[in-house]
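Read through the structure below, which is laid out as structure tokens, and then see the notes.
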Amino acid sequence: MAVALLVLTGCSGGAAAPPPVRTPSSAPEFNAADVMFLQMMIPHHEQGVEIVRLARDHPVRPAVAELAAAIEATQRSEAEDMKGWLRDWGQPATADAGAHAAHGGMRMTDPDLVGALKTAPGAEFERRFLDILAGHQHNAVEMAQTETSAGKNPAARDLAHRIVESRTAEIKQLLGYTT
């Protein structure tokens, strides 16, 4: 054992300096882009949930209702994860008004469009719903693409990649219902 210890510490003739102590950091690794992405995506998801819930009370095809329910479940779960990450990082869940103006601002669906959708008559509802939701999901893709190129946190970047893939597929599905 003594020979092994000499081999490991080296035989330089002098006392070997102990190796530096490296303790794993418990602080998560994130940057301003990660925080911005989450602060923008949480209200975007919440608005998305508001939009898809409208399909519950309006006449839509069963496939559209099923997709709306799946989107709601996914976005509620993702929003909870994002809120938890911001809490864990000691960051606020929301940013000050105008804080995101330098990079295009919040990519939200116009509240007037959502309000008009609530009162859209019969078959007109589904057509408008599909159009508004496709645009809303496109905005999510744009925000997520920014995170994939500028973010640092592995979990946030992974979520952004999943958002790009899943929302792109949802948009194709939504557009398929309009033809």
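Summary of values
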item: Sulfur and carbon atoms: percent of accessible area, the range 63-179 [1.4 Å]; result: 53 percent
item: Cβ-Cβ FRET estimate between ALA63 and ALA120, R0 fixed at 22 Å, reported to 0.05; result: 0.70
item: Rounded Å value of the spacing that divides the Cα centres of the range 36-87 and the range 118-179; result: 10 Å
item: Label-point gap, in nm, between THR94 and THR178 - each point 7 angstrom along Cα→Cβ; result: 3.1 nm
item: The range 29-170, relative contact order in percent, only Cα pairs under 8 angstrom and at least six apart counted; result: 36 percent
item: Local net charge near PRO154, Cβ-Cβ under 15 Å (Lys/Arg +1, Asp/Glu -1); result: -3
item: Accessible area in square angstrom per residue, the range 31-179, 1.4 angstrom probe; result: 49 Å²
item: Proximal lysines relative to LYS172, as straight alpha-carbon distance under 26 Å, when same-chain residues fewer than 8 apart are discounted; result: LYS118
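The values are calculated or read from the model by the stated rules, or taken from the named source; none is laboratory data. Computed from a predicted structure; not experimentally measured. Quick reminder, even Gly has a Cβ in these numbers, built from the backbone with ideal geometry, and neighbours come from all protein chains shown. Just so you know, the surface numbers come from the protein's heavy atoms only, side chains and all, with ligands and any DNA or RNA stripped out. Shrake-Rupley method; radii C 1.70, N 1.55, O 1.52, S 1.80 Å.
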